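Reading through the structure tokens given below for one structure.
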Amino acid sequence: MLFRNLTLFRFSPAVAADLSRLDDVLPEHQLRAVGPMEMSTRGFVSPFGRGDDRLTHTVGHDTMVVVGSESRMLPPSVVNDELASRVQKIAENEGRKVSGRERKKIKDDVLNELLPRAFVRQTLTSAYANLTGGWVVVNTASRKTAEGVLSQIREALGSFPAVPLAPEDSPRILMTHWVATGELPAGFALGDEIELRDPATASGAVARCRRQDLDTDEVREHLRTGKQVFRIGLTFDDRISFVLGEDLVIRKVRFTDVVLDEQPEHESGEAERDATFALMALEHRRLLDRLADIFKLPRPE
């Protein structure tokens with residue numbers, strides 16, 4: 001259940017009340033099996049696993065949903081190879097060229113024959129909404145995947161105006177300042193990963209360091225040559241480590257032993273899931289509220 005990556009959105013207090021309708025509306029938007037002639041389907045599945053009818057998991061002021069998708073695995077190269085083979089046979093057997101219209105019909109026939117036999121892959125993406133802070137946290141580093149989750153919620157509710165983060169201060173400028181001066185916000189410490197780029201050129205030099213002390217002359221020399229920090233490893237309050245990007249996507253999230261050791265043993269699996277979700281959401285909220293202060297991330301009104 002612990003989220004590995006965090007793509008973030010914010011919503012207003014007025015929107016928060018609408019999320020109480022999720023339990024009522026999600027059953028009409030459950031994931032269904034992809035049909036034999038469909039490429040993909042998408043919908044909600046239970047956060048509690050197969051065989052459970054519940055489509056939300058709520059602990060305190062945090063509500064989790066899981067969006068699933070089923071996609072048929074039919075690579076374009078397979079379709080194109082079969083198409084080319086059939087076009088070649090016509091040319092050899094009938095001694096003529098295949099027109100564009102006929103070629104399109106043959107391709108449709110290939111798709112109709114191959115699609116029902118294609119393997120089906122299922123993917124799941126978890127997300128939760130914090131009602132008091134107005135945060136949507138999606139467990140992905142992909143903006144496209146995160147937007148897809150929000151689209152599913154909007155479709156179910158009819159409207160859900162959550163918006164991407166809009167920092168008033170440039171994350172790249174601030175992160176570059178932290179590394180150049182060693183002056184980090186209270187509670188934060190440098191990790192062992194960094195990505196620096198020259199922002200002046202689209203294909204400029206890129207320097208990446210992993211498992212390395214960032215408070216070194218080597219790293220600062222990159223800054224002196226004009227590079228800026230696009231990603232940086234950080235630790236917050238010795239409780240959570242992560243890599244922060246200039247897009248404010250939080251990657252490689254890990255709780256330290258200080259946090260994990262606070263988890264007591266539970267008598268049931270459900271109690272353990274509740275406790276893990278509550279702990280994760282609490283630690284995320286502490287971090288996100290600090291980042292909101294640092295980068296001036298206003299909550300919509």
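The values are calculated or read from the model by the stated rules, or taken from the named source; none is laboratory data. In this text, all values refer to a predicted model and were calculated from it rather than measured experimentally. Note that each Cβ is placed from the backbone with ideal geometry, even for glycine, and that neighbours are counted across all protein chains shown. When the accessible area is computed, the model is the full protein with side chains, heavy atoms only, and any ligands, DNA or RNA have been set aside. Shrake-Rupley method; radii C 1.70, N 1.55, O 1.52, S 1.80 Å.
If you take every DSSP beta bridge fully contained in the chain, what fraction is antiparallel? Give it as a percent rounded to 5.
Numbers: 54 of 55 bridges.
Bridges in the chain are about 100 percent antiparallel.
Once neighbouring chains are kept in place and the probe is 1.4 Å, which whole percent of the accessible area of the range 71-220 is contributed by carbon and sulfur? Kindly include the intermediate steps, with their values, before the conclusion.
On the way: 4290 of 8650 Å².
Heavy-atom surface of the range 71-220 belonging to carbon and sulfur, 1.4 Å probe: 50 percent.
Just going by the charge dipole of the chain, with Lys and Arg at +1 and Asp and Glu at -1 on Cβ, which of Leu19, Thr276, Gln88 is farthest out on the positive end?
Gln88
In the full protein assembly as shown, how much of Asp24 is accessible to a 1.4 Å probe, in Å² to the nearest 10?
120
If you plug each phi of the range 39-45 into the Karplus form 6.51 cos²θ - 1.76 cosθ + 1.60 with θ = phi - 60°, what whole-Hz ³J(HN,Hα) values come out, in order, with x for Gly and Pro?
Here the 3J(HN,Hα) series is 7, 6, 9, 8, x, 8, 10 Hz.
Excluding Gly133 itself, calculate the net charge of residues whose Cβ lies under 9 Å from the Cβ of Gly133, where each Lys or Arg counts +1 and each Asp or Glu counts -1.
That works out to +2.
Quick check: with the 1.4 Å probe, what order do His61, His29, His177 take by accessible area, largest first?
Details: His61 110, His29 40, His177 80 Å².
The ordering from most to least exposed comes out as His61, His177, His29.
Given Thr140, Leu184, Leu114, which one lies farthest toward the positive end of the charge dipole of the range 114-198, if we put +1 on the Cβ of every Lys and Arg and -1 on the Cβ of every Asp and Glu?
Looking along the dipole axis, the top candidate is Leu114.
Count the net charge of all other residues whose Cβ sits under 15 Å from the Cβ of Arg299, scoring Lys and Arg as +1 and Asp and Glu as -1.
Here the count lands on 0.
Over the range 137-185, average the accessible area per residue using a 1.4 Å probe and give it in Å², no decimals. It would help to have the intermediate numbers written out before the result.
Working: 2230 Å² over 49 residues.
About 46 Å² of surface per residue is accessible.
With just the Cα atoms defining each centre, how far is the range 56-134 from the range 7-41? Give it in Å.
If we compute the Cα centre of each part, the gap is 22 Å.
Compute, for the range 187-292, the length of the dipole vector about the Cα centre, with Cβ point charges of +1 (Lys, Arg) and -1 (Asp, Glu) only. Units Debye, rounded to 20.
Here the size comes out at about 700 debye.
Find how much the distance from Ala180 to Ser20 grows on full extension, using 0.36 nm per residue of separation minus their present alpha carbon separation; answer in nm with one decimal.
Fully extending the segment from Ala180 to Ser20 adds 53.0 nm.
Which aspartates and glutamates, on any chain, are close to Lys89 with Cα under 20 Å apart, when same-chain ones fewer than 8 places away are left out?
The qualifying aspartates and glutamates are Asp81, Glu102, Asp108, Asp109, Glu113.
Among Met73, Met280, what's the order by accessible area (1.4 angstrom probe), most exposed first?
The ranking, largest first, comes out as Met73, Met280.
Note down the relative contact order for the chain as a percent, whole number, built from C-alpha pairs under 8 angstrom at least six residues apart.
About 22 percent, as a whole number.
Just need the relative contact order of the range 168-262 here, percent rounded to a whole number, with Cα pairs under 8 Å and 6+ apart.
Reported relative contact order: 28 percent.
With +1 on each Lys and Arg Cβ and -1 on each Asp and Glu Cβ, and nothing else charged, work out how big the dipole of the range 86-241 is about its Cα centre, in Debye to the nearest 20.
In total the dipole reaches around 1340 debye.
Setting aside same-chain residues fewer than 8 positions from Lys144, which lysines have a Cα under 27 Å from its Cα?
In chain and number order, the partners are Lys252, Lys296.
Taking only DSSP H segments of four or more residues, each worth -39500 (n - 2.57), what value at 222 nm results for the chain once the sum is divided by all its residues, to the nearest 500 deg cm²/dmol?
Calculated from helices alone, the mean residue ellipticity at 222 nm is -11000 deg cm²/dmol.
Taking the Cβ of Pro76 as the centre, find all other residues whose Cβ is under 13 Å away and add up their charges (Lys, Arg: +1; Asp, Glu: -1). All intermediate terms of the calculation are to be shown ahead of the outcome.
Details: positive: Arg72, Lys107; negative: Asp81, Glu82.
Residues near Pro76 contribute 0 overall.
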